[in-house]
1. Considering (1) among the polar types (S, T, N, Q); (2) more than 22 Å from Thr228 (Cβ to Cβ); (3) surrounded by 18 or more Cβ atoms within 10 Å (Cβ to Cβ), say which one Gln327 fails and leave the rest.
2. Could you please find all residues in segment 332-359 being open to solvent by less than 60 Å² (accessible area, probe 1.4 Å) and either among the charged types (D, E, K, R) or part of a helix (DSSP H, G or I) (or both)?
3. Of all residues in segment 49-83, which are closer than 21 Å to Val147 by Cα, open to solvent by 10 Å² or more (accessible area, probe 1.4 Å) and touching a strand residue (DSSP E or B) at 6+ places or on another chain (Cβ under 6 Å)?
4. Which residues, taken from segment 64-83, are in contact (Cβ under 8 Å) with a residue 24 or more places away in the chain, in contact with a Lys or Arg (Cβ under 9 Å, 6 or more places away or on another chain) and not β-branched (Val, Ile, Thr)?
5. If I ask for residues that are touching a residue at least 24 places away in the same chain (Cβ under 8 Å) and open to solvent by 50 Å² or more (accessible area, probe 1.4 Å), which ones from segment 260-274 would you list?
6. Answer yes or no: is there a residue in segment 243-259 that is touching a Pro at 6+ places or on another chain (Cβ under 6 Å) and open to solvent by less than 10 Å² (accessible area, probe 1.4 Å).
7. Just to verify a result, which residue in segment 84-137, among those that are without any contact (Cβ under 8 Å) to a residue 60 or more places away in the chain, crowded, with 16+ Cβ neighbours inside 10 Å and among the basic types (Lys, Arg), is farthest from Glu274 (Cα to Cα)?
8. Residues in segment 284-299 that are open to solvent by less than 60 Å² (accessible area, probe 1.4 Å) and either modelled with pLDDT under 90 or not in a helix (DSSP H, G or I) (or both): how many?
Amino acid sequence: MRTLLFLVILLLGVGPAQAGDAVQEITFVHEVMDAQPPRNPWFNIVGDLDGNGRPDVIIGGQNGPLVWYANPGWRKTVIADGGWNGVRGATGDIDGDGHLDIVMGGVVWFRNPGKAQGQWTLHRIDTQRMHDVLLADLDGNGRLDVVGRDQSAFGKAGNADADLDGKRGTITVRNNPDARARGFIVAHENKYAWQVGEDGQLRAFMPNVYMNYRRFGNQNACGWTAMTPTFSDPDVLQAYLDEAEAHGCNAIQALICNQWFHAGAASSRDHQSENPDPETFSALERAIVEAHTRGMHLHIWAWGDEQRGWTPIGVGGVNGVADRRVQRYLAARLGPVPGWTMSYGFDLNEWVRPEQVLSWAN
């Protein structure tokens, strides 16, 4: 389905209605400005960018581009391909040169080259995701200041479910009477090791991970193994484990990406959630338990590459509010369950710094 970006023009020539006045019929004119606007056009801004006295329309896609439509005629011009992180923006003369500039969450502003003709320059103010952004002279110095808030953090110091705020729980870990049972997988002298027996003796092993995305993946939703149906359907999960064992492997693989937030949505462009999805964690718990009963384990790839949006960048950034919420939920849900390992992702040099990965690991 194509998204049509449209403008509704309303001309009014009447004053406030008085008692007894006849109700006048108002006619709206529907104008299609662009049959192929930016995907997920979250940013919708109005401002006279070229100084001709008419309001122009600025549209920014969730992941780009940022474009403006000149009034009249709605000629489309690309301002930038990306750099922001949020939902709302505003226009204002930030540098005092008489031309309206654009500020967006992320936090960045684009300098108007003069009547919107030429190259717009990006200036970064901060790296904080901002859902809403406003411009106002707060300190009275004659310059516009930036005000913003992120709805994922504003007023949400606790859980998304208010009934859980302030509540705590405990986990009891008991010895397994089966001496052959395997416990948690740990790192031991740069090797993988199972905890074995009542005393948790470490036994090194070589992971041999199996992945068959042609049969068990969901290429439309993820490209590789997906939560649905690979791990949500018990029969499909058993078939995946059977095939892995038949090939001499001791683990199966799961690529999660943005399914942390919405099961089946690998890319940040495919959802608008900022909270962990219990469906994903339930499916992972089931897969870990089933693999563990066979003496196997589940290996998880947390993230993928940013080109396809398979990272947390589009949901508040690396180690941002939403990402840290997933990390805490992951520790609470999967931490007590033995039989899984995790890698951070792939193509990391494209989208994350080493210190960010180290922070995540710690």
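The values are calculated or read from the model by the stated rules, or taken from the named source; none is laboratory data. What you are looking at is a predicted structure, and each value in this text was computed from that prediction instead of being measured. Because the Cβ atoms are built from the backbone with ideal geometry, glycine has one as well, and the counts that use them run over all protein chains shown. Calculation scope for accessible area: heavy atoms of the full protein, side chains included, ligands and nucleic acids excluded. Shrake-Rupley method; radii C 1.70, N 1.55, O 1.52, S 1.80 Å.
1. Gln327 satisfies every listed condition except (3).
2. Arg333, Leu348, Gln356, Val357
3. Gly83
4. Gly64, Trp68, Tyr69, Ala70, Gly83
5. If the condition is that a residue be touching a residue at least 24 places away in the same chain (Cβ under 8 Å) and open to solvent by 50 Å² or more (accessible area, probe 1.4 Å), then Arg269, Asp270 are the ones that fit.
6. Looking through segment 243-259, at least one residue is touching a Pro at 6+ places or on another chain (Cβ under 6 Å) and open to solvent by less than 10 Å² (accessible area, probe 1.4 Å).
7. Among those residues, the one meeting the criterion is Arg111.
8. Going through segment 284-299 one residue at a time, the tally reaches 5.
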